[in-house]
Amino acid sequence: MTNDPRRLQSYIEGAWRKGNGEGRPVLDAATGAVHALIGAEGLDMAAALDWGRAVGGPALRRYTTHERAMMLKAVGQKLMEQKADFHAESLHTGATPRDALPDIEGGIGTLLTFASKARKELPNARVIPEGPVEVLSKDGSFVGQHVLTPMLGVAVHINAFNFPVWGMLEKIAPALIAGMPCLVKPASGTAYLTELVVRRILDMGILPEGALQVLCGSVGDLLDHVTEQDVVTFTGSAATGRKLRSHPAIVQNSVRFTMEADSLNASILAPDAGPGTAEFDLFVREVFREMTTKAGQKCTAIRRILVPSDHEQAVIEALSAQLAKAVPGLPGDEATRMGALASLDDRASVREKVARIAQEAEIVFGDPSTVTTSSGDPEAGAFMNPVLLRCASPLTARAPHDIEAFGPVATVMGYEGVDQAMALAMKGRGSLVSSVFTNDEGFASDLTLGLAPQHGRVLIGNRDSARSSTGHGAPLAPLIHGGPGRAGGGEEMGGMRGVKHFMARTAVQGTPRMLSAVMGRWVPGAPTQSGEHPFRKSLETLRIGDQLVTERREITREDVEHFAHFTGDTFYAHMDEAAAKANPFFDDRVAHGYLIASFAAGLFVQPDPGPVLANYGVDDMRFLTPVYFGDSLQVQLTCKEITPREGSVYGEVRWDCRVSNQNDKVVAQYDVLTMVAKTWPLEA
Ligand code: NDP
C-alpha cells in the first residue's frame with residue numbers, strides 16, 4: 001500500500017487530463033495527512049463545453065428516454081457492486097461508514113430510482129408531451145400541445161463537498177435521462193471520491209462518449225463560456241451561489257441556473273408532544289441524529305430547535321444527555337459515534353460562527369474551543385464536539401436565524417402558541433426542510449400550511465410513522481429538494497419534475513396531423529387508418545392512428561337491471577325512475593358508467609389469443625353524456641401511443657377510446673392501457 005497522494009485528474013474532451021503543476025494538497029479530514037493533489041489550471045474549459053455539446057449531446061439524443069434510463073440502471077447496478085471501494089475512499093472525508101450510506105448507497109439508489117421511474121412515467125420517446133392537447137378552434141382543426149425536448153448544451157453541476165457521490169448522481173441522473181450531457185465540478189475538498197466514481201462509470205463504457213465529464217480543481221473561466229442552451233446547477237454557500245447567479249455569461253445568455261444553498265432548517269416540537277410522549281422521544285432522537293450525522297455537515301440538518309417554552313428545559317436536558325455520547329473519532333474506527341468535519345478550515349469557520357450566534361444566545365452544552373476525541377488526533381483531524389445553544393429572545397434575535405454554523409451545532413428556542421412557532425420558523429427566510437413533531441392533526445395542519453410557502457419540504461413526525469419515516473434530513477428522489485429564499489430558490493429531483501429541468505418546454509401549434517407527426521403520438525383529429533383488427537397486430541406492425549370502429553349495441557332496461565343486480569350497484573339513478581328524474585343531471589333512469597365501459601370492451605375486444613397480452617388499466621375515464629334505455633353505443637378505438645419496453649418482449653400501447661351514442665355524442669372517453677407483444681407469436 002502506498003501513501004503517496006493521488007494526483008486527481010479531470011476527464012474532459014475525451015481524456016483524463018492533469019492541470020498544470022503539482023496540484024494543491026487535499027487533506028484527509030480526520031488525520032490531516034495529504035490524501036490527494038488537485039488542480040485544473042491550464043485545462044481548456046471552452047473546449048470541454050464544446051466537446052460535451054458536439055459529441056455528448058447528439059449521442060445522448062439519439063436514444064429515447066427509456067434507453068437512456070436503461071443505461072443508468074446498468075451504471076447504478078455496477079456501481080452498487082463496487083460500493084466497498086467508495087466506502088473506503090469516503091473515510092478520508094471524515095464521514096463514518098454510517099454517515100456515508102446516504103451519500104454512496106443513497107446516491108446510487110437515487111440514480112436507480114430515476115432510471116426506474118423514467119421507464120414507468122415517461123413515454124419511450126425523444127420528445128415528451130406535457131399536459132393535454134388544447135383544442136384552439138371550434139372545428140378542432142387547430143390544436144396546441146406543450147412538448148419537452150432536451151436542451152442542446154451541457155448541464156454544468158457545481159457541487160458541494162459534503163455529498164461527493166449523491167451530490168453528483170442526483171444531478172446527473174435527471175439530466176442524462178433528459179438527454180443532456182453533464183460536466184460535474186465537485187468541491188475540491190472531497191473531489192477524490194467523485195473522481196473515483198466517475199472513473200468507474202466511464203470504465204463501464206455504458207454511457208456514450210461525451211455524456212459525462214468531470215472537472216477536478218477550480219472552475220477557472222468555465223462559466224465565461226456557458227451559452228443559452230447550457231444549464232448550471234449549484235450547491236454550496238449562498239455567497240458563492242449569488243456570485244455565480246450574477247455571472248455575466250449567465251445573466252446575458254439567460255442561462256437556466258438552479259441554486260441549492262445553505263438554510264437554517266427548523267424542527268418544531270408541538271405543545272401536545274411533551275416529555276413522556278412518543279413524539280417527544282422521536283423529536284429528541286431526530287434532532288440528535290441531524291446534529292451529529294456527518295458531524296452536522298448536511299444542508300438539511302436541523303439548526304433551529306423550536307419548542308414550547310414549557311418544554312424547553314426538558315428538551316435541553318434530554319438532548320444534552322444524548323450529545324454527551326457523541327464523541328468524535330476516526331471515521332474508520334468501529335467505536336466512533338461521530339466523524340470529523342470535512343476540513344480544519346471548516347472547523348475554524350464553525351467556531352467563528354458559533355461565537356457570533358453566542359452573542360445572542362448562551363451555550364448550554366459543549367465547548368467549541370476544546371476537542372475531546374475517542375480516537376484520532378484532536379488537533380490534526382477536523383474534529384469538533386457538538387454544541388447546543390439556547391436563545392432566550394428568539395423573536396428579536398437575528399444570529400440564530402441567520403448564521404449557519406455548518407457543523408454539529410443547533411440552537412434551542414422557546415415559543416408560545418402556533419403563531420409564534422410559525423413566525424420563528426419563517427425567520428429562516430426560506431428553508432430546504434422543516435419538521436413538526438406532533439400527534440395533533442390540527443396543529444400539524446395549521447403549521448404545515450403556514451410553513452409551506454417558505455419550505456421545499458415539510459415532514460410531520462409522530463408515533464405512527466416512527467419506524468417507517470425516512471427522517472427530517474433525507475431528500476428523496478421522488479420528492480423535490482430545494483427551497484425558496486435563503487435556501488437558494490432552486491428545485492431538484494422531485495421525480496420526473498427533475499428531468500424536465502433539463503428540457504426545453506415549447507408550445508407547438510398546428511393541425512392534429514402535424515402535431516401527431518411532431519410527437520409520434522396520435523392526436524384526436526389526426527388521420528387514422530383501418531383494416532385488420534388492431535388487436536391482431538404486434539408492435540412490429542401496429543402503427544399510431546390504427547383504428548377500429550365497432551358495431552353498435554343498444555342498451556336496454558334489462559341490461560341495466562341485470563348489471564345492477566349482478567354487481568350490487570343498485571344506485572337509484574339506474575333503478576328508480578322518479579328519483580332519477582328528480583336528479584338535476586338526468587331525465588330518466590340511466591345506464592351505469594361501468595356498464596358502458598364493459599359493453600365498450602365487449603365491442604372492441606378481439607377474443608382470440610393474440611399479441612394483446614393484458615389490459616392494465618384505464619386513464620382519465622370520463623362519462624360525458626347520460627345513456628338512457630334504447631340508446632345505441634358505438635366505440636372508436638385508436639392507437640394513440642406505443643411504448644416498447646426496453647429489454648422485454650412487450651411494450652405498452654395506449655388507446656384512445658371514445659364511446660358515442662346514436663346522435664354521435666361522446667358518452668364516455670378514456671385511454672385504454674394494454675401490454676402488447678413486440679412480435680406474434682411471442683419469441684421464446
Ligand atoms: P462553496 O460555495 O465555497 O463551494 C461550493 C462549490 O462551488 C464547490 O464546488 C466550489 O469549488 C465551487 N466554487 C467556489 N467558488 C466558486 C467560484 N467563484 N466560481 C465557481 N465555483 C466556485 O461552499 P463550500 O463547499 O466551501 O461550503 C461553504 C458553506 O456552504 C458551508 O459552510 C455551508 O454553509 C454551505 N454548504 C451548503 C451545502 C448545501 O448542500 N446546501 C453543502 C455544503 C456547503 P471549490 O471547492 O473548488 O472551491
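Structure above, values below:
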{"quantity": "From the options V627, V659, V666, residue that is among the β-branched types (V, I, T), under 30 Å from D576 (Cα atoms) and open to solvent by 40 Å² or more (accessible area, probe 1.4 Å)", "calculated": "V666"}
{"quantity": "Selected residue [touching a Ser or Thr at 6+ places or on another chain (Cβ under 8 Å), open to solvent by 50 Å² or more (accessible area, probe 1.4 Å) and closer than 24 Å to E121 by Cβ] from Y616, Y650, Y594", "calculated": "Y616"}
{"quantity": "Boolean, D367 is open to solvent by 10 Å² or more (accessible area, probe 1.4 Å), closer than 16 Å to A324 by Cβ, assigned to a loop (DSSP other than H, G, I, E, B) and charged (D, E, K, R)", "calculated": "yes"}
{"quantity": "Output for the stretch 164-189, where each listed residue is closer than 26 Å to D28 by Cβ and out of contact with any strand residue (DSSP E or B) (no Cβ under 8 Å at 6 or more places or on another chain)", "calculated": "P164, V165, W166, L169, A187"}
{"quantity": "Every residue from the stretch 532-556 that is more than 24 Å from A614 (Cβ to Cβ) and either of a type in the set (G, A, S) or assigned to a loop (DSSP other than H, G, I, E, B) (or both)", "calculated": "I555, T556"}
{"quantity": "Spans of helices (runs of 4 or more DSSP H) in the stretch 12-122 with at least 1 residues closer than 29 Å to T372 by Cα and open to solvent by 50 Å² or more (accessible area, probe 1.4 Å)", "calculated": "83-90, 97-121"}
{"quantity": "Residue in the stretch 270-277 that is of a type in the set (A, V, I, L, M), open to solvent by 10 Å² or more (accessible area, probe 1.4 Å) and more than 16 Å from the ligand (Cβ to nearest atom) present", "calculated": "no"}
{"quantity": "First in the stretch 483-496 and farther than 19 Å from A266 by Cα and among the acidic types (D, E), second anywhere and near the ligand (Cβ under 10 Å from one of its atoms) and open to solvent by 10 Å² or more (accessible area, probe 1.4 Å), Cβ under 6 Å, 6 or more apart", "calculated": "none"}
{"quantity": "Wholly within the stretch 169-269, strands (runs of 3 or more DSSP E) carrying at least 1 residues that are open to solvent by 10 Å² or more (accessible area, probe 1.4 Å) and either more than 10 Å from the ligand (Cβ to nearest atom) or touching a Gly at 6+ places or on another chain (Cβ under 7 Å) (or both)", "calculated": "231-235, 256-260"}
{"quantity": "So D656, is it touching a residue at least 40 places away in the same chain (Cβ under 8 Å) and out of contact with any helix residue (DSSP H, G or I) (no Cβ under 7 Å at 6 or more places or on another chain)", "calculated": "yes"}
{"quantity": "Subset tally (residues that are small (G, A, S) and open to solvent by 70 Å² or more (accessible area, probe 1.4 Å)) for the stretch 552-591", "calculated": "2"}
{"quantity": "The listed residue being within 19 Å of R521 (Cβ to Cβ) and touching a Gly at 6+ places or on another chain (Cβ under 9 Å), out of V672, V653", "calculated": "V672"}
{"quantity": "Residue within the stretch 240-260 that is over 21 Å from G494 (Cα atoms) and of a type in the set (D, E) present", "calculated": "no"}
{"quantity": "Candidate set from the stretch 376-426 (those that are part of a helix (DSSP H, G or I), more than 13 Å from I357 (Cβ to Cβ) and open to solvent by less than 10 Å² (accessible area, probe 1.4 Å)); member that is farthest from the ligand (Cβ to nearest atom)", "calculated": "A421"}
{"quantity": "Looking only at the stretch 301-339, and only at residues there that are under 30 Å from D419 (Cβ atoms) and within 16 Å of the ligand (Cβ to nearest atom), the one that is surrounded by the fewest Cβ atoms within 10 Å (Cβ to Cβ)", "calculated": "R304"}
{"quantity": "Residue that is most open to solvent (accessible area, probe 1.4 Å) [pool: residues in the stretch 156-168 that are within 13 Å of the ligand (Cβ to nearest atom) and among the hydrophobic types (A, V, I, L, M, F, W, C)]", "calculated": "F161"}
{"quantity": "Residue in the stretch 136-155 that is farthest from the ligand (Cβ to nearest atom), counting only those that are open to solvent by less than 20 Å² (accessible area, probe 1.4 Å) and not in a loop (DSSP other than H, G, I, E, B)", "calculated": "V143"}
{"quantity": "Boolean, A342 is at pLDDT below 95 and either crowded, with 16+ Cβ neighbours inside 10 Å or within 16 Å of the ligand (Cβ to nearest atom) (or both)", "calculated": "yes"}
{"quantity": "For R351: the one exception among (1) free of Cβ contacts under 8 Å to residues at least 60 places away in the same chain; (2) closer than 23 Å to A33 by Cα; (3) in a loop (DSSP other than H, G, I, E, B)", "calculated": "(3)"}
{"quantity": "The stretch 285-300 - residue that is open to solvent by less than 10 Å² (accessible area, probe 1.4 Å) and hydrophobic (A, V, I, L, M, F, W, C) and, of those, farthest from the ligand (Cβ to nearest atom)", "calculated": "V287"}
{"quantity": "Output for the stretch 301-327, where each listed residue is among the β-branched types (V, I, T) and assigned to a helix (DSSP H, G or I)", "calculated": "V315, I316"}
{"quantity": "Tabulated pairs, the stretch 220-245, first free of Cβ contacts under 8 Å to residues at least 24 places away in the same chain, second part of a strand (DSSP E or B) and open to solvent by 20 Å² or more (accessible area, probe 1.4 Å), C-beta under 8 angstrom, 6+ apart or interchain", "calculated": "R245/F257"}
{"quantity": "Residues within the stretch 374-408 that are at pLDDT 95 or above and of a type in the set (S, T, N, Q), tallied", "calculated": "3"}
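The values are calculated or read from the model by the stated rules, or taken from the named source; none is laboratory data. This one's a predicted model, so the numbers in the text were calculated from it and none came from an experiment. Backbone-built Cβ (ideal geometry, glycine too); neighbour counts: all protein chains shown. Keep in mind that these areas ignore ligands, DNA and RNA; they rest on the heavy atoms of the full protein, side chains included. Shrake-Rupley method; radii C 1.70, N 1.55, O 1.52, S 1.80 Å.
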